[in-house]
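Comments concern the structure below.
The values are calculated or read from the model by the stated rules, or taken from the named source; none is laboratory data. The shown structure was predicted, so the numbers you read here are calculated from the model rather than taken from an experiment. Cβ sites come from the backbone with ideal geometry, for glycine too, and all protein chains shown count toward neighbours.
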Amino acid sequence: MFQWNILHPMVVHFPIALLIVTPLFVLIGLLRIHDARVYAIGALILMALGTLGAYVAVESGEADKQTLVLNQLQRSLLAEHQELGEATRNAFTALTVLYAALLFGSAVLQRALSRRNYIILGVVFLVIYTGSLFLVVRTGDLGGRLVHRSGEHVHQTSR
(Lines give C-alpha, C1' and ligand atoms only; values in the text may rest on other atoms or scores of the structure.)
Protein backbone atom coordinates (compact mmCIF):
# COMPACT_ATOMS: atom_id res chain seq x y z
CA MET A 1 0.00 0.00 0.00
CA PHE A 2 1.34 3.43 -0.97
CA GLN A 3 2.23 5.70 1.96
CA TRP A 4 1.33 9.34 1.23
CA ASN A 5 3.30 10.57 4.23
CA ILE A 6 6.69 9.79 2.67
CA LEU A 7 5.81 11.86 -0.41
CA HIS A 8 5.56 15.27 1.29
CA PRO A 9 9.27 16.15 1.54
CA MET A 10 9.78 15.07 -2.06
CA VAL A 11 6.91 17.02 -3.68
CA VAL A 12 6.75 20.34 -1.84
CA HIS A 13 9.53 21.95 -3.86
CA PHE A 14 7.84 21.44 -7.23
CA PRO A 15 4.81 23.69 -6.64
CA ILE A 16 7.07 26.29 -5.03
CA ALA A 17 9.37 26.42 -8.07
CA LEU A 18 6.59 26.27 -10.66
CA LEU A 19 4.42 28.91 -9.01
CA ILE A 20 7.37 31.27 -8.53
CA VAL A 21 8.58 31.06 -12.15
CA THR A 22 5.08 31.43 -13.65
CA PRO A 23 4.90 35.27 -13.44
CA LEU A 24 7.91 35.54 -15.74
CA PHE A 25 5.97 33.73 -18.45
CA VAL A 26 2.88 35.86 -17.80
CA LEU A 27 4.98 39.01 -18.10
CA ILE A 28 6.71 37.87 -21.30
CA GLY A 29 3.28 36.95 -22.68
CA LEU A 30 2.08 40.48 -22.00
CA LEU A 31 5.12 42.13 -23.56
CA ARG A 32 5.46 40.03 -26.71
CA ILE A 33 3.19 40.70 -29.66
CA HIS A 34 3.81 37.92 -32.16
CA ASP A 35 4.22 34.89 -29.89
CA ALA A 36 2.45 36.16 -26.77
CA ARG A 37 -0.03 33.29 -26.75
CA VAL A 38 2.76 30.69 -26.58
CA TYR A 39 4.13 32.27 -23.42
CA ALA A 40 0.65 32.74 -21.98
CA ILE A 41 -0.18 29.06 -22.54
CA GLY A 42 3.19 28.13 -21.04
CA ALA A 43 2.31 30.25 -17.99
CA LEU A 44 -1.05 28.51 -17.68
CA ILE A 45 0.59 25.07 -17.87
CA LEU A 46 3.16 26.01 -15.21
CA MET A 47 0.43 27.50 -13.03
CA ALA A 48 -1.80 24.45 -13.41
CA LEU A 49 1.06 22.04 -12.64
CA GLY A 50 2.10 24.14 -9.64
CA THR A 51 -1.46 24.21 -8.37
CA LEU A 52 -1.81 20.47 -8.86
CA GLY A 53 1.45 20.06 -6.97
CA ALA A 54 0.01 22.17 -4.15
CA TYR A 55 -2.89 19.72 -3.87
CA VAL A 56 -0.46 16.80 -3.65
CA ALA A 57 1.67 18.69 -1.11
CA VAL A 58 -1.33 19.44 1.12
CA GLU A 59 -2.63 15.87 1.00
CA SER A 60 0.78 14.31 1.59
CA GLY A 61 1.46 16.82 4.37
CA GLU A 62 -1.78 15.83 6.07
CA ALA A 63 -0.69 12.17 5.95
CA ASP A 64 2.81 13.07 7.14
CA LYS A 65 1.40 15.00 10.09
CA GLN A 66 -0.10 11.80 11.48
CA THR A 67 3.37 10.28 11.88
CA LEU A 68 5.03 13.14 13.76
CA VAL A 69 5.88 13.50 17.43
CA LEU A 70 6.03 17.25 18.11
CA ASN A 71 6.84 19.63 20.93
CA GLN A 72 4.63 22.68 21.57
CA LEU A 73 6.62 25.02 19.29
CA GLN A 74 6.53 22.48 16.47
CA ARG A 75 2.77 21.96 16.88
CA SER A 76 2.25 25.71 16.60
CA LEU A 77 4.47 25.96 13.50
CA LEU A 78 2.75 22.95 11.95
CA ALA A 79 -0.73 24.41 12.49
CA GLU A 80 0.25 27.68 10.79
CA HIS A 81 2.10 25.79 8.02
CA GLN A 82 -0.97 23.65 7.37
CA GLU A 83 -3.33 26.66 7.27
CA LEU A 84 -1.05 28.54 4.89
CA GLY A 85 -0.61 25.45 2.70
CA GLU A 86 -4.37 25.17 2.31
CA ALA A 87 -4.69 28.92 1.67
CA THR A 88 -1.94 28.67 -0.96
CA ARG A 89 -3.68 25.76 -2.67
CA ASN A 90 -7.01 27.62 -2.68
CA ALA A 91 -5.56 30.95 -3.84
CA PHE A 92 -3.68 29.41 -6.75
CA THR A 93 -6.68 27.31 -7.73
CA ALA A 94 -8.65 30.54 -8.08
CA LEU A 95 -5.79 32.28 -9.90
CA THR A 96 -5.38 29.38 -12.32
CA VAL A 97 -9.08 29.39 -13.16
CA LEU A 98 -9.02 33.17 -13.57
CA TYR A 99 -5.97 33.08 -15.82
CA ALA A 100 -7.50 30.31 -17.95
CA ALA A 101 -10.62 32.45 -18.31
CA LEU A 102 -8.51 35.46 -19.29
CA LEU A 103 -6.46 33.41 -21.71
CA PHE A 104 -9.27 31.55 -23.41
CA GLY A 105 -11.60 34.51 -23.26
CA SER A 106 -8.80 36.67 -24.63
CA ALA A 107 -10.14 36.72 -28.19
CA VAL A 108 -13.38 38.19 -26.89
CA LEU A 109 -11.52 40.43 -24.44
CA GLN A 110 -9.08 41.68 -27.05
CA ARG A 111 -11.95 42.63 -29.34
CA ALA A 112 -13.75 44.37 -26.49
CA LEU A 113 -10.64 46.02 -25.04
CA SER A 114 -7.82 47.90 -26.65
CA ARG A 115 -4.38 46.26 -26.52
CA ARG A 116 -3.44 48.81 -23.86
CA ASN A 117 -6.43 47.95 -21.66
CA TYR A 118 -5.83 44.23 -22.15
CA ILE A 119 -2.24 44.70 -20.98
CA ILE A 120 -3.46 46.70 -17.97
CA LEU A 121 -5.80 43.83 -17.09
CA GLY A 122 -2.88 41.41 -17.40
CA VAL A 123 -0.70 43.61 -15.18
CA VAL A 124 -3.45 43.73 -12.54
CA PHE A 125 -3.58 39.92 -12.65
CA LEU A 126 0.20 39.79 -12.35
CA VAL A 127 0.19 42.10 -9.32
CA ILE A 128 -2.44 39.95 -7.59
CA TYR A 129 -0.54 36.78 -8.50
CA THR A 130 2.77 38.18 -7.31
CA GLY A 131 1.17 39.26 -4.04
CA SER A 132 -0.17 35.73 -3.61
CA LEU A 133 3.37 34.40 -3.83
CA PHE A 134 3.73 35.61 -0.23
CA LEU A 135 1.63 32.57 0.69
CA VAL A 136 4.03 30.24 -1.12
CA VAL A 137 7.11 31.80 0.47
CA ARG A 138 5.64 31.92 3.98
CA THR A 139 4.36 28.34 3.78
CA GLY A 140 7.76 27.09 2.63
CA ASP A 141 9.54 29.12 5.28
CA LEU A 142 7.41 27.61 8.04
CA GLY A 143 7.97 24.12 6.66
CA GLY A 144 11.70 24.72 6.62
CA ARG A 145 11.65 26.07 10.16
CA LEU A 146 9.62 23.10 11.28
CA VAL A 147 12.12 20.67 9.84
CA HIS A 148 15.40 22.50 10.43
CA ARG A 149 15.21 25.21 13.11
CA SER A 150 12.54 24.55 15.73
CA GLY A 151 14.84 23.27 18.44
CA GLU A 152 14.52 19.53 18.53
CA HIS A 153 14.29 17.58 15.33
CA VAL A 154 10.88 16.36 14.30
CA HIS A 155 10.67 12.66 15.15
CA GLN A 156 8.56 10.36 13.08
CA THR A 157 6.75 7.43 14.56
CA SER A 158 7.32 4.03 13.03
CA ARG A 159 5.55 3.62 9.74
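Restricting attention to segment 1-40, which residues are touching a helix residue (DSSP H, G or I) at 6+ places or on another chain (Cβ under 9 Å) and assigned to a loop (DSSP other than H, G, I, E, B)?
Filtering segment 1-40 for residues touching a helix residue (DSSP H, G or I) at 6+ places or on another chain (Cβ under 9 Å) gives 3-33, 35-40.
Within segment 1-40, GLN3, LEU7, VAL12, ARG32, ILE33, ASP35 qualify.
Yes or no: LEU103 modelled with pLDDT of 95 or more, among the hydrophobic types (A, V, I, L, M, F, W, C), surrounded by 14 or more Cβ atoms within 10 Å (Cβ to Cβ) and within 23 Å of LEU133 (Cα to Cα)?
Values: modelled with pLDDT of 95 or more: no; among the hydrophobic types (A, V, I, L, M, F, W, C): yes; surrounded by 14 or more Cβ atoms within 10 Å (Cβ to Cβ): yes; within 23 Å of LEU133 (Cα to Cα): yes.
No; evaluated as a whole, the condition is false for this residue.
Exactly one condition in (1) modelled with pLDDT of 95 or more; (2) surrounded by 19 or more Cβ atoms within 10 Å (Cβ to Cβ) is not met by LEU77; state its number.
Unmet condition: (1).
Confirm whether ARG75 is of a type in the set (Lys, Arg), in a helix (DSSP H, G or I) and more than 27 Å from TYR39 (Cα to Cα).
So ARG75 fits the description; yes.
Could you tell me whether any residue of segment 34-42 is among the acidic types (Asp, Glu), surrounded by fewer than 16 Cβ atoms within 10 Å (Cβ to Cβ) and at pLDDT below 95?
Of segment 34-42, the ones among the acidic types (Asp, Glu) are 35.
Retained after the next criterion (residues that are surrounded by fewer than 16 Cβ atoms within 10 Å (Cβ to Cβ)): 35.
Checking which are at pLDDT below 95 leaves us with 35.
Yes, the conditions are met somewhere in segment 34-42.
Could you tell me whether THR88 is in a helix (DSSP H, G or I), modelled with pLDDT of 95 or more, buried (at least 18 other Cβ atoms within 10 Å of the Cβ) and of a type in the set (Ser, Thr, Tyr)?
yes
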